Amino acid sequence: MLTKRHDTIGIKQVIRIEWMKKTANLLLAGLDEKQIRCELQDLLSVVKGNGSSGKRGTTSRSQVVNILMKIWVSPNPELVGFRDEALKLLRKHSLNELAVHWSMISAAYPFWFNVALQVGRLLNLQDQVSQIQIFNRLKELYGDRETVSRYARYTVRSMVAWDVLKDSATRGCYEKPDQADSKDTKTCVLMVEAALHAIPEGKGLLGILLNNPAFFPFRIPSMTGDFISQHSNRIDVVRYGLDDEQLKLKD
């Protein structure tokens, strides 16, 4: 189940939520890959990573466009069915659109998921997290490379732009706003599937998946393995004893 996705760091620029929404809306409107790429190039030529207007360099613009395309328009083959389900939820006006986009970027770029995982774990222990704490934990996973810290910084700044983290009074430290209830059960199932795609093994215990710190901006309700498998034909349930249920992606 391990793929190149799991080794790729990939978040080379700040990715704003409005750009994610724009990409998905272009896809829902029926534009083809070439048309969407042109639209995004035009949009991002005059918008900077902080959301302000201004001319953007060709390299940084292309990096953002490539990331957005990889998430929504031309995902890895194993993510196409997952992407199509996400589009259905957006078409039906999911009650938690943010969670759909979070799921998509987590599956396409497991690095995002792993940054969120470290942020969520730290926020479970304390009210604020610092960049240094996040970077140190990531280096244990990806090695002590300068690119790890740089791309993690882009990821964290993206989360601030998504309003799921907020800058604290102390420079380089972040706090968590209130969690959003995930009332749409189909979106919750999508989030669980996103976690499975982000985990190299493609499987995990149900309780750990539902309470995964990588979903720290959201509050996921309790669901049974049967309920999840009934709402996704891409997930199998394996039972251990009376209580333990493991979910795994179908081959």
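Checked against (1) over 18 Å from Phe218 (Cβ atoms); (2) touching a strand residue (DSSP E or B) at 6+ places or on another chain (Cβ under 8 Å); (3) of a type outside the set (Val, Ile, Thr), Lys176 passes all but a single condition, namely (1).
Within segment 128-167, the set of residues being in contact with a Ser or Thr (Cβ under 9 Å, 6 or more places away or on another chain) and among the small types (Gly, Ala, Ser) comprises just one member, Ser130. Residues in segment 113-144 that are out of contact with any helix residue (DSSP H, G or I) (no Cβ under 8 Å at 6 or more places or on another chain) and not acidic (Asp, Glu): Leu125, Gln126, Gln128, Ser130, Ile132, Asn136, Gly143.
Of the helices (runs of 4 or more DSSP H) that lie entirely inside segment 1-107, those containing 2 or more residues that are buried (at least 16 other Cβ atoms within 10 Å of the Cβ), of a type outside the set (S, T, N, Q) and modelled with pLDDT of 95 or more span 17-28, 33-44, 58-68, 80-91. Scanning segment 203-213 for residues that are surrounded by fewer than 18 Cβ atoms within 10 Å (Cβ to Cβ), under 16 Å from the mean Cα position of the chain (by Cα) and either among the aliphatic types (A, V, I, L, M) or in a loop (DSSP other than H, G, I, E, B) (or both) returns a single hit, Asn211. Give segment 151-173 a look and list any residue that's free of Cβ contacts under 8 Å to residues at least 24 places away in the same chain, surrounded by fewer than 17 Cβ atoms within 10 Å (Cβ to Cβ) and under 21 Å from Asn136 (Cβ atoms), or say none. Residues satisfying the conditions are Val160, Asp167, Arg171. Pairs please, first residue from segment 174-203 and closer than 19 Å to Thr3 by Cβ, second anywhere and in a loop (DSSP other than H, G, I, E, B), Cβ atoms under 7 Å, 6+ apart in sequence or on different chains. Matching pairs, first to second residue: Glu193/Ser232; Glu193/Arg234; Ala195/Asn212; Leu196/Gly202; Pro200/Met1; Pro200/Leu2; Glu201/Met1; Gly202/Met1. Considering segment 174-195, the residues that are among the polar types (S, T, N, Q) and assigned to a helix (DSSP H, G or I) include one that is surrounded by the fewest Cβ atoms within 10 Å (Cβ to Cβ), namely Thr185.
The residues of segment 214-251 that are assigned to a helix (DSSP H, G or I) and surrounded by fewer than 16 Cβ atoms within 10 Å (Cβ to Cβ), listed by number, are Asp226, Phe227, Gln230.
Find the residue count for segment 108-138, including only residues that are in a helix (DSSP H, G or I) and of a type in the set (Asp, Glu). Break it down stepwise before answering.
Step one: list which residues in segment 108-138 are in a helix (DSSP H, G or I), which gives 108, 110-125, 131-138.
Checking the rest, the ones that are also of a type in the set (Asp, Glu) come to none.
Going through segment 108-138 one residue at a time, the tally reaches 0.
The values are calculated or read from the model by the stated rules, or taken from the named source; none is laboratory data. Only a predicted model underlies this, so the values are computations on that prediction, with no experimental measurement involved. Every residue, glycine among them, receives a Cβ derived from its backbone with ideal geometry; neighbour counts consider all protein chains shown.
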